[in-house]
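To keep things clear, I will list the structure first and then write my remarks on it.
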Ligand SMILES: Cc1ncc(COP(=O)(O)O)c(C=O)c1O
């Protein structure tokens, strides 16, 4: 078994080509490195075990990888699930994750969702004070085992990507702590509700420095101390610090690491780790991104306006954020020949185009790579997180299949994580069962 993730990936690409995973009817497919995912889960657990003896629940943010076998793999490594919709909760339950290892967030929970969560005993973080009023009614009628908390926004400012920064002055998430009177209202909300025992924050996702993330955590820790002092007892016993560790999309190096973040937290918020507070984390991208690879065949090549272009099958349907916001979400590309062997040769500036019918559907623009030929294989690297949750149905392009891989004797063995979407499914999802509905 190759030790380096990049060597394992090269072996897997070769095996995928040899075993026919890429073919005329499935010209784009995706691979997940099972050993890599296990290693990241173990690194996360070890990083926090190093800084606290208190109980820690690591709840994987399902939005980053909404795949039942992935959730079950993580569960086998002791990682639970953070869910933010009825669909994500259904996936976590289908993966067999125990209610005590599930946390429900989301800014728009309906009454039936809240009722279901409290009935199951899963942890719920209310997003706002109106939601707390709803929970008042529910727990007043029937006591629940669910640990209950409130999400706050420390308003510490944005990271590098505005759309993913949740701790800005006007973010839609949580109760904004610095707004006039808000802090007092939050303290009051806890004093009025003895069953409210958790505090939650999540300052953003990708593009936040460790220092900014730690600043958000320090703000909730200080609030918890204030509430506990006002209550005259340790009412808040658990702090949910969210996820948001950035991923390095520029090389194979995994940095920053969970251990670096944990150490920063211990330095910046030492009181949080003296054993008085249990912890919940909600990492998504940093657990999976490095372990996924999207593969596509080059169908045609052409030169237009002196720019070589390789036309492939991986575009906006799978790399939606990259295609619409390439500056924030550039992807590394690796190229292989038709046998799945890394392609060498002089670098030529070329575009890697997707299959969709608009000009901006470019997986990579003006990228210096060995010149591609029809039949070659293009790999979009670091696509293990979010790329399988933001499928885009434009042009009715199929959701690609996803295969887990692991060393199997001398070679690489694949298992199906998710089958490719079939044409029948595309037709059904497009109202095929009610073709006459509008006549
Ligand atoms: C509440 C919450 N927790 C956790 C996450 C996961 O963030 P990341 O994948 O960056 O770790 C998100 C992502 O948007 C989130 O909204």
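The values are calculated or read from the model by the stated rules, or taken from the named source; none is laboratory data. Every value quoted in this text rests on a predicted model; they were computed, and no experiment measured them. Glycine also receives a Cβ, built like all others from the backbone with ideal geometry; neighbour counts cover every protein chain displayed.
Would you pick out the residues in the stretch 391-406 that are surrounded by fewer than 20 Cβ atoms within 10 Å (Cβ to Cβ) and within 15 Å of residue 361 (Cβ to Cβ)? 391, 392, 393, 394, 395, 396 - these are the residues of the stretch 391-406 that are surrounded by fewer than 20 Cβ atoms within 10 Å (Cβ to Cβ) and within 15 Å of residue 361 (Cβ to Cβ). Within the stretch 189-218, being within 16 Å of the ligand (Cβ to nearest atom) and assigned to a helix (DSSP H, G or I) holds for 210, 212, 213, 214, 216, 217.
Within the stretch 300-314, the set of residues being surrounded by 15 or more Cβ atoms within 10 Å (Cβ to Cβ), in contact (Cβ under 8 Å) with a residue 60 or more places away in the chain and within 27 Å of residue 20 (Cβ to Cβ) comprises 301, 310, 312, 313, 314. Is it the case that the stretch 298-320 has a residue that's within 16 Å of the ligand (Cβ to nearest atom) and modelled with pLDDT of 95 or more? Among the residues of the stretch 298-320, at least one is within 16 Å of the ligand (Cβ to nearest atom) and modelled with pLDDT of 95 or more, which makes the answer yes. Working only within the stretch 5-46, note down all residues that are in a loop (DSSP other than H, G, I, E, B) and either outside the structural domain of residue 334 (by TED's automatic domain parsing) or surrounded by 14 or more Cβ atoms within 10 Å (Cβ to Cβ) (or both). Result: 19, 21, 22, 26, 27.
Restricting the first member to the stretch 71-88 and to residues that are touching a residue at least 60 places away in the same chain (Cβ under 8 Å) and over 15 Å from residue 104 (Cβ atoms), and the second to residues that are assigned to a loop (DSSP other than H, G, I, E, B) and within 12 Å of the ligand (Cβ to nearest atom), the beta-carbon pairs closer than 9 Å and six or more apart or on different chains are 74/65; 79/283.
In the set (1) in a helix (DSSP H, G or I); (2) within 12 Å of the ligand (Cβ to nearest atom), residue 58 fails one condition alone, (1).
Cβ separations smaller than 7 Å between residues 6+ apart or across chains give the following pairs from the stretch 105-122 residues that are modelled with pLDDT of 95 or more to residues that are more than 16 Å from the ligand (Cβ to nearest atom) and not in a helix (DSSP H, G or I): 117/146; 118/144; 118/146; 121/144; 121/145; 121/146; 122/146. Selection of strands (runs of 3 or more DSSP E) fully inside the stretch 254-321 by the criterion of at least 1 residues being within 18 Å of residue 31 (Cβ to Cβ) returns 292-304, 307-312. The requirement of being touching a strand residue (DSSP E or B) at 6+ places or on another chain (Cβ under 7 Å) and at positive phi is fulfilled nowhere in the stretch 217-236; no residue meets it.
Being under 22 Å from residue 420 (Cβ atoms) and within 16 Å of the ligand (Cβ to nearest atom) is a description that applies to residue 384. Would a scan of the stretch 421-433 turn up a residue that is touching a strand residue (DSSP E or B) at 6+ places or on another chain (Cβ under 8 Å) and buried (at least 16 other Cβ atoms within 10 Å of the Cβ)? Within the stretch 421-433, not a single residue is touching a strand residue (DSSP E or B) at 6+ places or on another chain (Cβ under 8 Å) and buried (at least 16 other Cβ atoms within 10 Å of the Cβ). Taking first residues from the stretch 128-140 that are in contact (Cβ under 8 Å) with a residue 60 or more places away in the chain and partners that are surrounded by 15 or more Cβ atoms within 10 Å (Cβ to Cβ) and assigned to a helix (DSSP H, G or I), the Cβ contacts under 9 Å between residues at least 6 apart in sequence or on separate chains come to 129/186; 129/189; 132/189.
In summary, residue 125 fulfils each of the numbered conditions (1) out of contact with any helix residue (DSSP H, G or I) (no Cβ under 8 Å at 6 or more places or on another chain); (2) more than 18 Å from residue 202 (Cβ to Cβ); (3) buried (at least 22 other Cβ atoms within 10 Å of the Cβ) with the single exception of condition (2).
When the stretch 168-188 is filtered for residues that are assigned to a helix (DSSP H, G or I) and either surrounded by 16 or more Cβ atoms within 10 Å (Cβ to Cβ) or not assigned by TED's automatic domain parsing to the domain that holds residue 130 (or both), the ones remaining, listed by number, are 182, 183, 186, 187.
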